[in-house]
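Undergrad: Take this structure, written in C-alpha cells, and hold onto it; I'll ask about it next.
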Amino acid sequence: MRLVDLYWLAPSADLKDRLRSMAASSCAAWVDLVQLANSRLDFVQTIRLDKALQKNLHSASSDAAPWRKLKMAVLSSSTSDHLLPALRVAALRRNLELHTFAGDYGMYLQELQQDSSALFEFKPDVILFAFHAQHLLGSPNPSLNRADAASLVESTADKIRGTWRLARKRFSGQIIQQSVLPVFEPLIGLNERRLPGSGASLVDGLNLRIGQLADEENVDVLDLDRAMRGDGLAAWHDPVLWYRGKQELSPLAAPAYGELALRLIGAQQGRSAKCLVLDLDNTLWGGVIGDDGLEGIRLGQGSAVGEAFVGFQTYVRSLASRGVILAVCSKNDMENARAPFEKHPDMVLKMQDIACFVANWSDKASNIRQIAEQLNIGIDSLVFADDNPFERNIVRRELPMVAVPELPEDAAFYGRCLSDAGYFEALQVTTEDFERGGQYRANLERENLRTSHTDLAGYLRSLDMELRWQPFDAVGLQRIVQLINKTNQFNLTTRRYTERDVQSIMDNAGAVTLQLRLVDQFGDNGIIGIVIGKPEGDTMVLDTWLMSCRVLGRQVEEATINLVVAEAKRLGSARLLGEYLPTKKNNMVRDHYQKLGFQCLSSDAGGASRWSLDLAQYEPFDTFIKTIGNAPL
Amino acid sequence: MSNATILSDVREIIADVLDQPDLKIDRTTTAEDVEGWDSFSHINIVVAMESHFGIKIHTSEIEELRNVGELVDIVEKKLEAKKPG
C-alpha cells in the first residue's frame with residue numbers, strides 16, 4: 001500500500017485496449033477520458049492517457065465546454081517537465097482541463113520579474129513553487145551553532161516568502177509551495193537532530209517555518225513528508241535521475257505527485273468530496289448483523305478484528321468532527337441496521353452522527369442517488385466505502401461520478417486507505433466545519449416538523465427564523481472564501497475568489513458585501529449566504545450571490561433581496577443588475593432573478609442571462625424571517 | 001527469462017512509453033532510429049524498465065548503452081544475478 005501506486009483507485013481490466021483506442025481516435029468523449037483517469041495508472045499509462053487527452057482536446061476544444069479550464073505554472077529549481085502529464089491527468093480525474101507551463105529550471109525569479117516573460121503571457125491561475133534542498137540551503141554544515149542554523153532557516157524562509165509576494169504582485173489566484181525534500185545524507189547518524197546544522201535539522205526547521213509563513217500569507221503547502229515517510233524516500237527520489245537529468249522527483253512518483261498537487265487545486269475549486277457514505281456489514285463491524293445478531297458481530301475489545309473496526313469508526317468520527325457529512329447505505333432491514341448504533345456498547349458512531357441513514361433491499365446506486373437528494377448535495381461530492389467488490393463495481397458503473405475507494409481486505413487498513421485517497425482535502429478548517437454534522441441533523445428535525453405542519457406558512461412561522469447579517473469582516477473571511485470556492489448549486493455566477501480577492505472587495509467602500517447567518521428554533525445554521533454587489537455608476541451589479549442549499553424553501557432568498565435593495569439604496573444606487581451564468585450544477589437558480597421580480601435584459605444561446613430591478617419601484621417581500629443587521633456573528 | 005522474452009518485453013515497454021503500439025525494434029535498434037526517443041523519453045524508458053523487471057541500472061551502465069541489444073543483455077545479466085543460490 002504505497003501512495004505512489006494510487007492503490008485506492010480501481011485497476012481497469014481493459015486499460016491497454018482503451019488507451020490504444022483513445023490514442024488512435026481524435027474524438028474520444030471527455031467523460032471516457034475522465035473515467036480512465038479515475039482508474040489506477042502507472043507513470044507510463046499516465047503519459048499515454050495525457051497524450052490521448054491532448055490529441056482530443058485539440059479537436060474538441062471549444063470555449064463552451066461544460067468543464068472548467070485552469071492554467072497552472074510550475075516554477076521549480078529542478079526539472080519538472082516529467083511531472084506535467086501527471087498534473088494534467090490528475091486534473092482530468094477531477095473533471096478539470098488543466099493547461100500547464102513549466103519555467104526553465106532555476107529561472108523562476110527572472111520569470112516572475114519580467115513583464116514580457118512567457119509566464120506573464122501565460123497568465124496562470126495557479127502557481128506551484130518547488131525548490132530543492134541544495135538550492136535553498138547549500139550543504140549541511142556540522143559547525144553551525146544553534147543560533148546560526150536558526151538564522152539560516154529564517155533567512156531562507158524569508159526568501160521563499162519574498163518569492164510568493166513577488167508572485168502575488170503580478171498574479172491573482174492560488175499559490176502552492178512544495179515542501180523541501182529530505183534528501184541530505186546524515187552527517188553523524190542517529191543523533192542527527194541534535195546537530196543544528198545537519199540536513200535533517202535544517203530541512204525540518206525550514207519546512208516548519210514554511211508552514212507557518214504559508215498560513216500568514218495564505219499559501220497552500222504541498223507537503224510530501226507524509227507520502228515519503230510512508231513510501232520511503234527511494235520511491236519518490238532517485239539520486240541517479242537527480243544527477244542525470246536534475247529530476248528531484250522520480251517519474252515513478254509523478255502520478256502520485258500530480259494527484260497530491262491537484263488535491264489542493266481541487267479543494268480551491270470546490271472539487272473536494274463532502275460526504276462519506278458507509279456500508280455497514282464488514283465495513284463498520286465484522287460479520288453480518290442480520291445473520292450474526294448484536295452479540296455475534298465483531299466489534300470492540302476481545303478480538304483484533306473487532307478493534308480494527310473500532311479504529312476505523314474512530315477515524316470516521318474524527319472526519320465528521322471536522323466537517324465531513326456521514327451517511328449510511330446498507331442492504332439490511334432498517335431495524336437490524338440501526339440496532340448496533342442504538343444498542344452495541346462498542347459502537348463509536350451513533351445514530352446522531354449519521355445525517356442520512358438508508359437501509360433497505362434496493363440497489364445501492366439508487367439509494368446513493370437518494371442520499372444526495374435528501375442531503376441536497378451534488379452526487380459527485382459523495383464517497384462510497386464498501387468492503388464488497390461487487391457493490392463497489394455496480395456503483396462505479398452506475399454512478400461514475402461517485403468516488404469508490406478500493407478498500408483493502410483487512411479492516412485495519414480502511415482508515416489509511418481513506419486518508420491516502422485524500423477525498424476530503426480541506427485547505428483549512430473553520431468553526432463552521434466543527435458544527436456541520438449538528439446542522440444537518442437539525443435539518444432532519446426541521447423536516448420532521450414540516451411534515452407535521454399541513455400548511456407551509458404555519459411551518460415557517462413556527463421556525464422563528466432570524467436572518468443575521470453584516471458586511472464582510474476579518475472574522476468571517478475564511479468561511480466566506482470557503483463558501484465562495486465550494487458552493488456549486490445555489491450560485492448565480494460561480495465566480496471563485498481567493499482571500500486576497502475578497503479583501504480587495506472589502507476595501508471598496510461603495511460595494512455591498514453581505515454575510516448572512518440564519519438562526520431558528522433548532523439552532524444556528526451558520527453562514528448560509530454571501531452576496532457581493534459592485535457599484536457601476538448608479539447601478540449595483542450583483543457580482544456574486546450564493547447560498548447554502550440547506551436553507552432552501554424558507555424565504556431566505558426573499559428576505560435577502562429585501563436586504564440587498566435596502567443596502568443598495570443606502571449606497572445611492574438606482575437599480576440592481578443580476579447575472580445568471582449557467583454551469584453544469586447551478587440550474588436550480590436559473591429563474592432566481594425572475595422569481596424575485598427582476599426584468600430580463602438579455603439572454604444568450606448558452607443560457608446566460610442578465611436581469612434588472614428598479615429600486616424606486618421595489619415593494620419588499622413579506623416573509624416570516626426577522627432581519628437583524630450587524631449583529632455579532 | 002530468455003533473452004528473446006526480455007527483448008519482447010523491452011519492445012513493449014518502449015512502444016508504450018513512446019505511444020507507438022506497432023513499433024518495430026530489434027537488437028541493433030538505437031535511439032536515433034526511433035522517432036520520439038529523445039533524452040526525456042530515454043529516462044522514462046529506463047525507469048519503466050527498472051520498474052518492470054525489478055532491477056536497477058547503474059548510472060555508468062546507462063551512459064554506455066549503444067543499442068537495444070546491449071540494454072537487453074544488461075537486463076538479462078541483472079535478472080541472472082537476482083536468482084537465489
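The values are calculated or read from the model by the stated rules, or taken from the named source; none is laboratory data. Computed from a predicted model, the values in this text were never measured in an experiment. Quick reminder, even Gly has a Cβ in these numbers, built from the backbone with ideal geometry, and neighbours come from all protein chains shown.
Undergrad: Can you pull out the residues in segment A:358-400 that are touching a residue at least 40 places away in the same chain (Cβ under 8 Å) and not in a helix (DSSP H, G or I)?
TA: Passing the criteria: A:359, A:376, A:377, A:378, A:382, A:383, A:384, A:385, A:386, A:387, A:388, A:400.
Undergrad: Within segment A:557-565, can one find any residue that is more than 19 Å from residue A:626 (Cα to Cα), over 29 Å from the mean Cα position of the chain (by Cα) and either of a type in the set (A, V, I, L, M) or crowded, with 19+ Cβ neighbours inside 10 Å (or both)? Please lay out each step first, then the result.
TA: Narrowing segment A:557-565 to residues more than 19 Å from residue A:626 (Cα to Cα): none.
The answer is no, given that none of the residues of segment A:557-565 is more than 19 Å from residue A:626 (Cα to Cα), over 29 Å from the mean Cα position of the chain (by Cα) and either of a type in the set (A, V, I, L, M) or crowded, with 19+ Cβ neighbours inside 10 Å (or both).
Undergrad: Continuing with this model, one more query. Just checking, which of A:538, A:501 is over 27 Å from the mean Cα position of the chain (by Cα), acidic (Asp, Glu) and at pLDDT 90 or above?
TA: Values: A:501 fails: over 27 Å from the mean Cα position of the chain (by Cα).
Every option except A:538 fails the conditions.
Undergrad: Go through segment A:499-536 and count every residue that is more than 15 Å from residue A:562 (Cα to Cα) and either among the polar types (S, T, N, Q) or outside any strand (DSSP E or B) (or both).
TA: Qualifying residue count for the region: 16.
Undergrad: Applying the selection to segment A:220-236, what residues are of a type outside the set (Asp, Glu), modelled with pLDDT of 95 or more and assigned to a loop (DSSP other than H, G, I, E, B)?
TA: Hit for segment A:220-236 is A:224, nothing else.
Undergrad: Just to be sure I understand the filter: pairs with C-beta atoms under 7 Å, separated by 6 or more residues or on different chains, first member in segment A:297-315 and part of a helix (DSSP H, G or I), second member of a type in the set (Phe, Trp, Tyr). Which pairs pass?
TA: A:309/A:285; A:312/A:414
Undergrad: From the list A:49, A:83, which one is in contact (Cβ under 8 Å) with a residue 60 or more places away in the chain and either surrounded by 17 or more Cβ atoms within 10 Å (Cβ to Cβ) or within 14 Å of chain B (Cβ to nearest Cβ) (or both)? Full working, then the answer.
TA: Numbers: A:49 fails: in contact (Cβ under 8 Å) with a residue 60 or more places away in the chain.
One residue alone meets the criteria, A:83.
Undergrad: Residues to consider are B:65, B:18, B:71, B:79; find the one that is buried (at least 16 other Cβ atoms within 10 Å of the Cβ), closer than 28 Å to residue A:234 by Cα and more than 14 Å from chain A (Cβ to nearest Cβ). Steps first, answer last, please.
TA: Values: B:65 fails: more than 14 Å from chain A (Cβ to nearest Cβ); B:18 fails: more than 14 Å from chain A (Cβ to nearest Cβ); B:79 fails: buried (at least 16 other Cβ atoms within 10 Å of the Cβ).
The conditions single out B:71.
Undergrad: Go through segment A:277-293 and give me each residue that's more than 17 Å from residue A:313 (Cα to Cα) and in contact (Cβ under 8 Å) with a residue 12 or more places away in the chain.
TA: The answer is A:290, and nothing else.
Undergrad: When you go through A:424, A:413 one by one, which is the residue that is surrounded by fewer than 18 Cβ atoms within 10 Å (Cβ to Cβ) and either at pLDDT 90 or above or more than 20 Å from the chain's Cα centre (by Cα) (or both)?
TA: Sole residue among the options that is surrounded by fewer than 18 Cβ atoms within 10 Å (Cβ to Cβ) and either at pLDDT 90 or above or more than 20 Å from the chain's Cα centre (by Cα) (or both): A:413.
Undergrad: Ok, one more. Name the one entry in A:256, A:273 that is assigned to a loop (DSSP other than H, G, I, E, B), touching a helix residue (DSSP H, G or I) at 6+ places or on another chain (Cβ under 6 Å) and over 17 Å from residue A:132 (Cα atoms).
TA: Numbers: A:256 fails: assigned to a loop (DSSP other than H, G, I, E, B).
Just one listed residue meets the conditions, A:273.
Undergrad: I would also like to ask the following. Can you find a residue that is modelled with pLDDT of 95 or more and more than 14 Å from chain B (Cβ to nearest Cβ) anywhere in segment A:237-254?
TA: Within segment A:237-254 (the criterion being modelled with pLDDT of 95 or more and more than 14 Å from chain B (Cβ to nearest Cβ)), the answer is no, since none of the residues qualifies.
Undergrad: If you scan segment B:48-60, which residues turn out to be surrounded by 14 or more Cβ atoms within 10 Å (Cβ to Cβ) and more than 10 Å from chain A (Cβ to nearest Cβ)?
TA: Answer for segment B:48-60, where residues must be surrounded by 14 or more Cβ atoms within 10 Å (Cβ to Cβ) and more than 10 Å from chain A (Cβ to nearest Cβ): B:49, B:53, B:55.
Undergrad: Please determine, by comparing only the residues of segment B:29-47 that are outside any helix (DSSP H, G or I) and either of a type in the set (Val, Ile, Thr) or within 9 Å of chain A (Cβ to nearest Cβ) (or both), which one is farthest from residue A:85 (Cα to Cα). Give the steps one after another, and end with the answer.
TA: Of the residues in segment B:29-47, the ones outside any helix (DSSP H, G or I) are B:29-30, B:34-38.
The next check asks that each one be either of a type in the set (Val, Ile, Thr) or within 9 Å of chain A (Cβ to nearest Cβ) (or both); those that pass are B:29-30, B:34.
Working: B:29: 27, B:30: 26, B:34: 22 Å.
Among those residues, the one meeting the criterion is B:29.
Undergrad: Being closer than 20 Å to residue B:12 by Cβ and acidic (Asp, Glu) is the filter; apply it to segment A:3-51 and report the residue that is farthest from the chain's Cα centre (by Cα). Quick ask: steps written out before the conclusion?
TA: Within segment A:3-51, the subset closer than 20 Å to residue B:12 by Cβ is A:11-24, A:36, A:39-51.
In the following step, the residues that additionally are acidic (Asp, Glu) were identified as A:14, A:17, A:42, A:50.
Details: A:14: 30, A:17: 32, A:42: 24, A:50: 23 Å.
Looking at the filtered set, the residue picked out is A:17.
Undergrad: Looking only at segment A:515-526, filter to residues that are crowded, with 22+ Cβ neighbours inside 10 Å and among the aliphatic types (A, V, I, L, M); which one of those is farthest from residue A:553 (Cα to Cα)?
TA: If we take residues in segment A:515-526 being crowded, with 22+ Cβ neighbours inside 10 Å and among the aliphatic types (A, V, I, L, M), then A:516 is farthest from residue A:553 (Cα to Cα).
Undergrad: While we're on this one: Do you know which residues across segment A:7-27 are more than 14 Å from chain B (Cβ to nearest Cβ) and either crowded, with 16+ Cβ neighbours inside 10 Å or hydrophobic (A, V, I, L, M, F, W, C) (or both)?
TA: A:7, A:8, A:9, A:10, A:12, A:13, A:27
Undergrad: Looking at (1) polar (S, T, N, Q); (2) in contact (Cβ under 8 Å) with a residue 12 or more places away in the chain; (3) in a loop (DSSP other than H, G, I, E, B), which one does residue A:35 not meet, given that it meets all the others?
TA: Here residue A:35 clears every test but (3).
Undergrad: Of the residues that sit in segment A:263-274 and are in contact with a Leu (Cβ under 8 Å, 6 or more places away or on another chain) and under 10 Å from residue A:425 (Cα atoms), which one is farthest from the other protein chains (Cβ to nearest Cβ)? Break it down into steps so the answer makes sense when it comes.
TA: Just the residues of segment A:263-274 that are in contact with a Leu (Cβ under 8 Å, 6 or more places away or on another chain), to begin with: A:264-269, A:271, A:273-274.
Checking the rest, the ones that are also under 10 Å from residue A:425 (Cα atoms) come to A:264-268, A:271, A:273-274.
Values: A:264: 26, A:265: 25, A:266: 26, A:267: 30, A:268: 30, A:271: 28, A:273: 31, A:274: 36 Å.
Ranking the candidates gives A:274 first.
Undergrad: Moving on. Tell me, please, whether a residue that is in a helix (DSSP H, G or I), free of Cβ contacts under 8 Å to residues at least 40 places away in the same chain, outside the structural domain of residue A:161 (by TED's automatic domain parsing) and more than 19 Å from the chain's Cα centre (by Cα) can be found in segment A:60-69. Write out each step before concluding.
TA: First, the residues of segment A:60-69 that are in a helix (DSSP H, G or I): A:60.
Checking the rest, the ones that are also free of Cβ contacts under 8 Å to residues at least 40 places away in the same chain come to A:60.
Keeping just the survivors that are outside the structural domain of residue A:161 (by TED's automatic domain parsing) gives A:60.
In the following step, the residues that additionally are more than 19 Å from the chain's Cα centre (by Cα) were identified as A:60.
For segment A:60-69, residues in a helix (DSSP H, G or I), free of Cβ contacts under 8 Å to residues at least 40 places away in the same chain, outside the structural domain of residue A:161 (by TED's automatic domain parsing) and more than 19 Å from the chain's Cα centre (by Cα): present.
Undergrad: Within segment A:569-620, can you find the residues that are free of Cβ contacts under 8 Å to residues at least 60 places away in the same chain and aliphatic (A, V, I, L, M)?
TA: Answer for segment A:569-620, where residues must be free of Cβ contacts under 8 Å to residues at least 60 places away in the same chain and aliphatic (A, V, I, L, M): A:574, A:576, A:577, A:596, A:601, A:605, A:608, A:613, A:615, A:616.
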